[in-house]
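One structure below.
The values are calculated or read from the model by the stated rules, or taken from the named source; none is laboratory data. Here the structure is a predicted model, which is why all the values come from computation and not from measurement. Here the Cβ positions follow ideal geometry from the backbone for every residue, glycine too, while neighbour counts run over all protein chains shown.
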Amino acid sequence: MHGPASTGWLLVALCAATGAYCLVRMRSEVEEQRRAAGGEALMGFGMAAMAVPAAVFTPPDWGWSAYAAVFGAAGLHALWAARASAHHLHHLVGAGAMVYMSLVMGAAPGHGHGGSGLPPLTGVLLLYFAGYVLATGARLVPAAATAGGTGATGWGDRPELARACRLSMAMAMVAMLLAM
């Protein structure tokens, strides 16, 4: 990722922490939560790896293709899982965005978009994730206000924490798209 190193390290920390929490969520007793958490953990750790500042580590040329292949496979899995739950459509868009960023970064290492202005697909993805941030943030406020009376719930079964993780990753996606 290009941009200030401090921003990159903050994104690495945020995405890695989100990925780690999603691994905890995979221990949920609710099957749908476990399935969604797996995709979100992959996304969190993948975003953390891509956000490492370019001054510290630049993946080899084949690394960007590997990112694209992994997230392409995750996108196919999300497409298949979307038959059962519409939430997986968001995973599909996220995986597609990661494939797109991998291809752009691999095609122009060190230059991002090459200074040619904002490509239309980047703009569409920015609008989608910015809208997702606003919608998820609005849903998070009521969930946090009513979460106190849920009883003894495990860390993997807290819907407000799952929403906060999704919000964190969507904000990180906006930052990564802007920094490309």
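PRO60 fulfils the conditions (1) closer than 24 Å to LEU178 by Cβ; (2) surrounded by fewer than 17 Cβ atoms within 10 Å (Cβ to Cβ); (3) not acidic (Asp, Glu) except for a single criterion, (1). Taken over the stretch 1-47, the criterion of being among the hydrophobic types (A, V, I, L, M, F, W, C) and over 22 Å from ALA175 (Cβ atoms) is satisfied by LEU23, VAL24, MET26, VAL30, ALA36, ALA37.
Pairs only if they're at least six apart or on different chains, beta carbon under 6 angstrom, first in the stretch 150-168 and assigned to a helix (DSSP H, G or I) and surrounded by fewer than 15 Cβ atoms within 10 Å (Cβ to Cβ), second hydrophobic (A, V, I, L, M, F, W, C) and at pLDDT 75 or above; list them, first residue then second. Filtered contacts from the stretch 150-168: TRP155/VAL24. Considering each residue of the stretch 9-30 in turn, at least one proves to be polar (S, T, N, Q), out of contact with any Cys (no Cβ under 6 Å at 6 or more places or on another chain) and crowded, with 18+ Cβ neighbours inside 10 Å. Among all positions in the stretch 120-133, there is at least one residue which is surrounded by fewer than 19 Cβ atoms within 10 Å (Cβ to Cβ), modelled with pLDDT of 90 or more and over 19 Å from the mean Cα position of the chain (by Cα). Criterion applied to ALA97, ALA69 was being in a helix (DSSP H, G or I), of a type in the set (A, V, I, L, M), modelled with pLDDT of 95 or more and surrounded by fewer than 18 Cβ atoms within 10 Å (Cβ to Cβ), and the one residue passing it is ALA69.
Annotation: of all residues in the stretch 1-43 being more than 17 Å from the chain's Cα centre (by Cα) and among the hydrophobic types (A, V, I, L, M, F, W, C), the one that is modelled with the highest pLDDT is ALA5. Answer with yes or no whether LEU76 is at pLDDT 90 or above, more than 24 Å from LEU178 (Cβ to Cβ) and not in a loop (DSSP other than H, G, I, E, B). Yes; evaluated as a whole, the condition is true for this residue. Counting the residues of the stretch 53-75 that are in contact with a Pro (Cβ under 9 Å, 6 or more places away or on another chain) and touching a residue at least 24 places away in the same chain (Cβ under 8 Å) gives 6.
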